[in-house]
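Notes for the one structure printed next.
The values are calculated or read from the model by the stated rules, or taken from the named source; none is laboratory data. In this text, all values refer to a predicted model and were calculated from it rather than measured experimentally. With ideal geometry, Cβ positions are generated from the backbone for all residues, glycine too; neighbour counts draw on all protein chains shown.
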Amino acid sequence: MKRLLILSALSAALMTSACVTVIDADNDDDFGWHGENAQPFDGARAECRASTGEGPRSEAFRHCMAGKGWTRS
C-alpha cells in the first residue's frame, strides 16, 4: 500500500512537471501563457519582442512565442 501511494505521488509529479502557466497580475500582456517543455518565459518574451518589434497581442509575437513552446489562451 505504501509503495502504491509513493508511486502515485511520483507519477502525479512527473505528469505536471513539464507544464507551466505564467500568471502575472501586474501585467495583463503576460497573463494566460502556457508552455510545455518551453524555453524560460522571460527570455522567450524578450527575444520575441526584439525580433518582431511588436507586443504580445500581435500575431507575429504569438507565432514567435509558439516557436519557443508558449501558447496563449
Practice task
Take M15 and decide whether it is of a type outside the set (G, A, S) and modelled with pLDDT of 90 or more.
Solution key: no
Fill in the blank from the handout: Subset of the range 58-73, residues touching a Phe, Trp or Tyr at 6+ places or on another chain (Cβ under 6 Å) and crowded, with 18+ Cβ neighbours inside 10 Å, comes to W70
Fill in the blank from the handout: Of the residues in the range 48-57 that are surrounded by 14 or more Cβ atoms within 10 Å (Cβ to Cβ) and within 14 Å of W33 (Cβ to Cβ), the one that is farthest from the chain's Cα centre (by Cα) is R49
Handout entry: the range 29-73, residues that are part of a helix (DSSP H, G or I) and among the β-branched types (V, I, T)
Key = T52
